[in-house]
């Protein structure tokens, strides 16, 4: 198996409601996958199942050649599976730099053994903030940030864990057109550094310009998976978005 | 300032307090000082779980009493010097803290608080029905008048005061070290957002168990010398409401994000209570705590330390 992420027949129910119905999904190393679908189609549920925040009833998830079912969220993060949240969830009582210090301490350190020196940590935090253009706000608190800066912090924190796969859950919801462009450019730049990215997004123009491959969920089922330009012409996808 | 330097300074301050007390030659100072120091330890212990991790523990009295009753039990079984009792009480209370954490840490907010309150009630019922440690009648501990060290006679209350002073220094040095370590950063993320903490690789359950164990152990240590201090221990006093209320109120008033907070709160509230006990009545103590807590929650929800931090932050910001 060469896929970086292999989701195999995963199903998730909330009592009587089937949120995910036998989902199969493969992501190759270095790929940029778009994951789209109407509200309530199960995108975030799928992310939560892949990251371990939700337990799935059946099916299995392999990451980087290993079965990761039953692993806690932090164990999956330590193996190189990072995510951002749909609504930014910064650590409110820590400065921006310290927000990034957490994954560095708990993930990178846990992976590579010896603790980086204090100076190494500081410069790494600074580099990451620089990458998202927040370097001058290193000592500020998250409450001083604008919405788009908050999204960038969220991305930087996910990147601080030095992941192999980054799942960006609606990183652009509620942003203006130019801000969407900012975030997209950032994601493409990360992908060029060799990080596999799953982008979950409503904004069609963003998904189309970003994705090499597009998968669409409707009511917990995967209805399409392929080249973006083919997928958007798929009758089932059109019906889900526009109705009969 | 590294941990060693801080410990040396803390010990220095402790010795100064001791020299002052010695110079004063006033037994009452030791009695009052002991209580304040005991609250410094309790408040600092509560803050490890309540302040750093954000899990409000209403069972402080249970851990305190657990320490005190461990001492009573051992005193009856085979009398040991108090420092040994402190260590054993720490192990007992730490173990119970670990167990409580394991059973209840899946609960958040009010539910966790209720579970800790329940623990307190359960333990008190156990003690009341356990005749060996005195049951509801209580237990008498006859303490010697003096204790001898290297040929010099010391007043026993001075000895207890010194023990509690050492405990307070150890508790403060420990929490200050935690605060600046990887552990402390992990605790802060648990307080802020547990799911985001997990997603950043923080093993939240393990960290919370470390916090409940440490917090319980320090509360037990604070309780161990108590039977010798009060010389008559009954369940109602060991499980007293004032321990639960004070160990929450003191960090809240001082500020919960830093080791300075519980220290400030305990010194401030503790001295005020001692003053009120002498001048008015000990019954007014809880009223003082209540009023101050209401005042602080409205005017300075992050305590004294929070006020200062906010001002510094505003000044630094362009």
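Taken together, the values in this text are just the output of simple stated rules run on the coordinates, not laboratory data. On a predicted model such as this, the values are computed, not experimentally measured, just so you know. Here the Cβ positions follow ideal geometry from the backbone for every residue, glycine too, while neighbour counts run over all protein chains shown.
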Restricting things to alpha carbons, find the Rg to Rh ratio for the range A:198-244 using the Kirkwood radius for Rh.
0.92
May I ask for the angle, rounded to the nearest 10°, between helix B:156-179 and the longest principal axis of chain B, with both axes built from Cα atoms and the value confined to 0 to 90°?
10 degrees
Cα-based Rg of the range A:5-242 normalised by 2.2 N^0.38 Å, two decimals
1.01
Just to verify a number: FRET efficiency for residue B:110 and residue B:80, C-beta to C-beta distance, R0 = 45 Å, to 0.05?
0.65
Considering the Cα positions of chain B, please state its Rg to one decimal place and its Dmax as a whole number of Å.
19.4, 66
Give me A:154, B:242 sorted ascending by neighbouring Cβ count inside 10 Å, so fewest comes first.
B:242, A:154
Rounded to the nearest 0.05, FRET efficiency between residue B:13 and residue A:67 (Cβ-Cβ, R0 56 Å) equals 0.50
At R0 = 30 Å the Cβ-Cβ FRET efficiency linking residue A:147 and residue B:314, nearest 0.05, sits at 0.85
Over chain B, relative contact order from alpha-carbon pairs under 8 Å, at least 6 apart, %
31 percent
The helix B:241-254 Cα axis meets the longest alpha-carbon principal axis of chain B at an angle in degrees, between 0 and 90 and rounded to 10, of 40 degrees
Listing B:52, B:28 from the residue with the fewest other Cβ atoms within 10 Å to the one with the most, what is the order?
B:28, B:52
If a/c stays under 1.5 just call it rounded; otherwise compare a/b with b/c (prolate if a/b is bigger, oblate if not). Do that for the protein assembly as shown, with a ≥ b ≥ c from the square roots of the Cα gyration tensor eigenvalues.
prolate
So what is the calculated 222 nm ellipticity per residue for the protein assembly as shown, using -39500 (n - 2.57) for each DSSP H run with n of 4 or more, over all residues, to the nearest 500 deg cm²/dmol?
-18500 deg cm²/dmol
For the range A:68-166, just say rounded, prolate or oblate: build the C-alpha gyration tensor, square-root its eigenvalues into a ≥ b ≥ c, call rounded for a/c under 1.5, and beyond that prolate if a/b exceeds b/c, oblate if not.
oblate
What angle do you read, to the nearest 10 degrees and between 0 and 90, between the alpha-carbon axis of helix B:27-47 and the longest principal axis of chain B?
30 degrees
Which residues among the range A:23-44 fall inside the zone where the amide N is under 19 Å from a point 7 Å beyond the Cα of residue A:236, along Cα→Cβ?
A:23-27, A:34-44
